[in-house]
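Chemist: If you scroll down you'll find the structure; I have some questions about it.
Taken together, the values in this text are just the output of simple stated rules run on the coordinates, not laboratory data. Treat the numbers as computed from the prediction; the structure is a model and nothing was measured. Cβ: placed from backbone, ideal geometry, glycine included. Neighbour counts: every protein chain shown.
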Ligand SMILES: Cc1cc2nc3c(=O)[nH]c(=O)nc-3n(C[C@H](O)[C@H](O)[C@H](O)COP(=O)(O)OP(=O)(O)OC[C@H]3O[C@@H](n4cnc5c(N)ncnc54)[C@H](O)[C@@H]3O)c2cc1C
């Protein structure tokens, strides 16, 4: 299983989004890595279309554990990883008319991170455009953060390159053949050889599995639409506001505000585009919950959030086909969990175990294994 030239394992990572980039970053510490990305630009698909939030109150279960395990790296990356801080403060307010749902969420979130329960007066102080005749309760997570996704993604890619990884773009993997105990990876008019392939193809992970003769997991890509508008307010002290039933959210972004319907429309993997109706519905719901008047939308986009059948991510070897590693199902939390997910992939592939600190937090290989769907 070793490269005859330098004794290192040879690994091909398929997909140059945040998942593939983070895996390549840690794998290249101990293996000869080639990352292949179908598009001309790594990050063109879901990674370049996120809301960039780190939250331990809104996420729960395994994704929240992975977000907490990622936080130390995001707060204090190694010297030279990025020229700017990866995190900036972005408190998160989860709000609603349904006091019971907010209270339940607050109790669960308090076990993971510091939160404060807010009544209508507290909400009005925090974000004066919230209409407290409609939105009556909330929970505030002061530790929420905005992630500089571009800096994080570039840091992973640059770091991987510095450690000797090859990053090849405009290179869609078209064939995957198992031969002599390894893989032959057909890309454009050439063939790469590897002992292990890491399937980090986002919405395309099940399609990549089929190329390799591996049974798909039943991953489901879901469209989510987003847009920005210019508010007539100073938003510098606003939190990100998320409806407790996920009917909408909005988030201050310097001179603009980003909004979303928080919708989940199942669809096949493709270069997804926003639907006008989803933007209109989101505007309607945000205007209903606030005193905002959204007259002019600046930009709209959509991305595919891809979920496994139990909505937890997948990070482990396929139980049937040797050398096929799944790094899939990052749903709506793939940016905030990417340091932990990348470290786990490298730990499992290079050493056969999770990193000690993540194992000590209660994460296990079984929680992340594709075996739970077989
Ligand atoms: C609107 C929206 C808001 C979000 N907000 C947040 C948030 O606030 N916080 C958070 O943590 N996450 C958020 N997410 C989720 C996050 O963006 C994703 O979980 C993450 O980007 C997934 O990364 P990925 O690398 O798995 O997928 P991608 O970024 O899609 O990368 C997969 C790559 O694989 C490539 N590929 C596919 N097939 C092949 C092939 N055959 N050969 C070569 N390459 C191939 C594709 O071209 C693609 O570039 C949000 C997502 C959306 C859409």
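Chemist: Would you list 250, 81 from fewest to most Cβ contacts within 10 Å?
Modeler: Details: 250 30, 81 17.
Going from least to most buried by this count: 81, 250.
Chemist: Give the separation of the Cα centroids, the stretch 149-222 to the stretch 20-69, in Å.
Modeler: Going from one Cα centre to the other spans 14 Å.
Chemist: Please report 44, 249 as a ranked list, fewest other C-beta atoms within 10 angstrom at the top and most at the bottom. Working shown, then result.
Modeler: Working: 44 16, 249 25.
Ranked by crowding around the Cβ, least crowded first: 44, 249.
Chemist: Here's another thing I want to ask about it. Nearest 5 percent is fine: what portion of the DSSP beta bridges confined to the chain is antiparallel? Intermediate values should be presented prior to the final figure.
Modeler: On the way: 52 of 72 bridges.
The answer is about 70 percent antiparallel.
Chemist: A follow-up question, please. Would you kindly compute the Cα radius of gyration of the stretch 236-374 and its largest Cα-Cα separation (Dmax), both in Å?
Modeler: Computed over the Cα atoms of the stretch 236-374, radius of gyration and Dmax are 19.1, 57 Å.
Chemist: Which angle between 0 and 90 degrees, to the nearest 10, do you get for helix 61-75 versus the longest principal axis of the chain when only C-alpha atoms count?
Modeler: 90 degrees
Chemist: Could you work out, for the stretch 25-101, what percent of all Cα-Cα pairs fall into each 10 Å distance bin, beginning at 0 Å and stopping at the bin that holds the largest distance?
Modeler: Once binned at 10 Å, the Cα pair distances of the stretch 25-101 give 13, 31, 39, 12, 5, 1.
Chemist: Mind pulling the angle between the C-alpha long axis of helix 276-289 and the longest principal axis of the chain? Nearest 10 degrees, somewhere in 0 to 90.
Modeler: Between the helix axis and the principal axis of the chain, the angle is about 40 degrees.
Chemist: Could you list 232, 275, 37, 174 so that the one with the fewest beta carbons within 10 Å of its beta carbon is first and the one with the most is last? Write out the running numbers ahead of the final one.
Modeler: Working: 232 8, 275 16, 37 27, 174 11.
Fewest-to-most ranking of 232, 275, 37, 174: 232, 174, 275, 37.
Chemist: In 10 Å bins starting at zero, report the fraction of Cα pairs in the stretch 259-307 per bin as a rounded %.
Modeler: 22, 51, 23, 5
Chemist: Using the Cα atoms of the stretch 133-261, I'd like the radius of gyration and the largest Cα-Cα distance, Dmax, both in angstrom.
Modeler: Just the Cα atoms of the stretch 133-261 yield Rg and Dmax of 21.6, 68 Å.
Chemist: How far is helix 99-110 tilted, in degrees, relative to the longest principal axis of the Cα atoms in the chain, given as a value from 0 to 90 rounded to the nearest 10?
Modeler: 50 degrees
Chemist: What Kirkwood hydrodynamic radius, in Å, does the chain give when the mean of 1/r is taken over all pairs of distinct Cα atoms and then inverted? Let's see the in-between values first.
Modeler: Values: mean 1/r = 0.0470 Å⁻¹.
Radius from the Kirkwood sum: 21.3 Å.
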